[in-house]
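K.L.:
This structure is in structure tokens; I'll ask about it shortly.
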Amino acid sequence: MSNLQDKAICVIGAGAWGGTLAWLLGQHKTRISLWSHDKTKGEQIIQSRKLKTPCELSLAPNVQVHTDLETALLDSEIILMACNSQSMREMMQKIAPILSRNKLKTPVVSVAKGLERGSLCRMSEALRQASGDLNQPVCALSGPNLAFEIASGKPAAAVLACDDLLVAQGLQKALSCPTFRVYSSDDLIGVELGGTLKNIIAIAAGISDGLNLGVNAKSALLTRGLAEMVRLSKAMGAKSPTLWGLSGMGDLFATCQSPLSRNYNIGLQLAAGKSVSEAVEIVKATAEGVETTYAVCELSKNMGIELPIAEQVQATMKGQVTARETIMSLMARPLSVE
């Protein structure tokens with residue numbers, strides 16, 4: 001690999017997480033491009049050199065902001081896909097022809113945490129299918145990464161996963177910064193599912209806190225939630241230890257206790273009696289756990305795997321039970337061995 005400091009990194013998506021990554025990398029790397037699908041927003045960023053979410057951030061001079069996709073991707077050596085999970089496939093379909101024309105074998109890294117509804121694909125699967133025969137290295141970056149904290153200069157860690165560990169290790173070095181420590185892994189399935197499944201438990205945690213059920217109840221909820229995450233992930237080919245790491249347990253802890261977590265806030269609103277559509281409107285940001293809950297419950301049904309917490313979160317979002325009934329239903333389940 002060439003000098004890692006000089007790797008050209010393109011961030012696709014100028015939302016809270018994509019913008020934060022571009023800002024962070026721009027402090028320490030030399031060539032960063034940020035693409036905004038919203039042209040009006042993109043032009044505002046170009047003129048002001050500032051991001052508004054998750055807080056006001058001034059971009060370094062070496063961060064180039066674009067509204068033209070082909071220009072943004074020009075000479076890119078790493079692509080970070082910071083669009084939401086339900087638009088990941090469509091975005092890759094737009095990118096693939098550009099990469100093909102440029103004859104680039106650029107690693108494509110998903111930084112979204114979700115499953116695609118309908119296909120039930122993980123993000124890496126959707127990216128591979130959408131890229132056709134390009135044979136790009138496909139990776140995932142995940143971990144306890146609340147964008148506001150990182151944008152505030154606080155330290156964080158993440159894990160970069162790829163089926164090819166050498167690729168993961170190269171990207172690990174390229175994306176690490178003094179306040180952002182990146183680990184590497186070859187368990188792509190486990191890293192993706194850890195970041196995905198914890199969003200469902202975060203909604204449940206928000207419900208628990210919203211109902212003021214206490215620390216005992218929440219601790220039990222998180223512990224059993226982690227067991228659900230491991231159960232489904234192992235069945236899909238993940239390694240159990242991955243779920244005990246940054247993308248599983250680490251992200252679970254962060255997302256289930258912080259008011260900065262969108263999914264946790266969805267749970268708080270559900271506990272207050274709001275419908276899921278009202279909760280999403282109040283949170284005013286993409287909460288991946290909502291769509292993921294529906295997808296995971298469909299997936300678990302197809303696989304014959306019982307996920308009681310996910311099923312009760314889905315029932316609450318569908319309005320079939322109240323938030324309090326959800327918790328009591330979990331407490332009334334048949335006794336079993338841990």
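Computed from the coordinates by the stated procedures, all read-outs in this text should not be read as laboratory data. Since this is a predicted model, take the numbers as computed values, not measurements. In this analysis, Cβ positions are derived from the backbone assuming ideal geometry, glycine residues included, and neighbour counts consider all displayed protein chains.
K.L.:
Which of Val280, Val296, Met229 sits farthest toward the positive end of the charge dipole of the range 190-331, with +1 on the Cβ of Lys and Arg and -1 on the Cβ of Asp and Glu?
P.N.:
Comparing the listed Cα positions along the dipole, Met229 ranks first.
K.L.:
Something else: Taking Cα atoms, how many degrees apart are the long axis of helix 16-26 and the longest axis of the chain, rounded to 10 and kept between 0 and 90?
P.N.:
40 degrees
K.L.:
Using the basic label-point model (7 angstrom from Cα toward the beta carbon), what is the Lys284 to Thr322 distance in nanometres?
P.N.:
Those two pseudo-labels are separated by 2.9 nm.
K.L.:
Above 20 angstrom, tally the Cα pairs of the range 1-70 and express them as a % of all pairs, no decimals.
P.N.:
Of all Cα-Cα pairs in the range 1-70, 19 percent lie more than 20 Å apart.
K.L.:
Determine the gain in length on full extension of the stretch Val215-Asn62; use 0.36 nm per residue of separation and subtract their C-alpha separation, reporting nm with one decimal.
P.N.:
50.5 nm
K.L.:
Moving on. Contour minus end-to-end for Ser100 and Leu120, with contour as 0.36 nm per residue of separation and end-to-end as the Cα-Cα distance?
P.N.:
Going from the current span to full extension adds 4.5 nm.
K.L.:
Let me ask something else about it. Given R₀ = 51 Å, what would the calculated FRET efficiency be for Ser275 paired with Ala157, taking r from the Cβ atoms and rounding to 0.05?
P.N.:
Result of the calculation: an efficiency of 0.90.
K.L.:
Counting other beta carbons within 10 Å of each residue's own, what order do Phe148, Phe180 fall into, fewest first?
P.N.:
Numbers: Phe148 15, Phe180 19.
Ranking Phe148, Phe180 by Cβ neighbours within 10 Å, fewest first, gives Phe148, Phe180.
K.L.:
When ranked by the protection proxy of mean other Cβ atoms within 10 Å per residue, highest first, what sequence do the peptides 25-31, 69-75, 311-317 form?
P.N.:
My ranking of the peptides, most packed first, is 311-317, 25-31, 69-75.
K.L.:
Taking N as the number of residues in the chain, what is its Cα Rg relative to 2.2 N^0.38 Å?
P.N.:
Ratio of Cα Rg to 2.2 N^0.38 Å: 0.97.
K.L.:
Something else about it: Compute the FRET efficiency between Leu69 and Asn135 as 1/(1 + (r/R0)^6), taking r as their Cβ-Cβ distance and R0 = 25 Å, and round to the nearest 0.05.
P.N.:
0.75
K.L.:
At 0.36 nm per residue, minus the direct Cα-Cα distance, what do Lys173 and Asp38 gain on full extension? Give it in nm, one decimal, please.
P.N.:
Between Lys173 and Asp38, full extension yields 45.5 nm more.
K.L.:
Once both axes come from the Cα atoms, what is the angle between helix 215-235 and the longest principal axis of the chain, in degrees from 0 to 90, rounded to 10?
P.N.:
60 degrees
K.L.:
Could you count how many Lys pairs in the range 190-331 have their Cα atoms under 23 Å apart, skipping same-chain pairs fewer than 8 positions apart?
P.N.:
Value for the range 190-331: 15.
K.L.:
Here is a follow-up. Straight-line reach from Lys94: which lysines have a Cα under 17 Å away, not including same-chain ones fewer than 8 places off?
P.N.:
Output for Lys94: Lys39, Lys103, Lys105.
K.L.:
In addition: All other residues with a Cβ under 15 Å from the Cβ of Val296 taken together, and with Lys, Arg as +1 and Asp, Glu as -1, what is their net charge?
P.N.:
Summing Lys/Arg as +1 and Asp/Glu as -1 gives -1.
K.L.:
Helix 188-210 versus the longest principal axis of the chain: what angle, 0 to 90°, nearest 10, using Cα atoms?
P.N.:
50 degrees
K.L.:
Neighbour counts of other C-beta atoms within 10 Å: give me Val290, Val321 arranged from fewest to most.
P.N.:
Arranged by neighbour count, lowest to highest, Val290, Val321 become Val321, Val290.
K.L.:
For each of Ile78, Ile203, Ile98, count neighbouring Cβ atoms within 10 Å of the residue's Cβ, then give the residues from fewest to most.
P.N.:
Ile98, Ile78, Ile203
K.L.:
Please list 3J(HN,Hα) in residue order for the range 108-121, calculated via the Karplus relation 6.51 cos²θ - 1.76 cosθ + 1.60 where θ = phi - 60°; whole Hz, with x for glycine and proline.
P.N.:
10, 10, 7, 10, 8, 10, x, 10, 7, 5, x, 7, 6, 7
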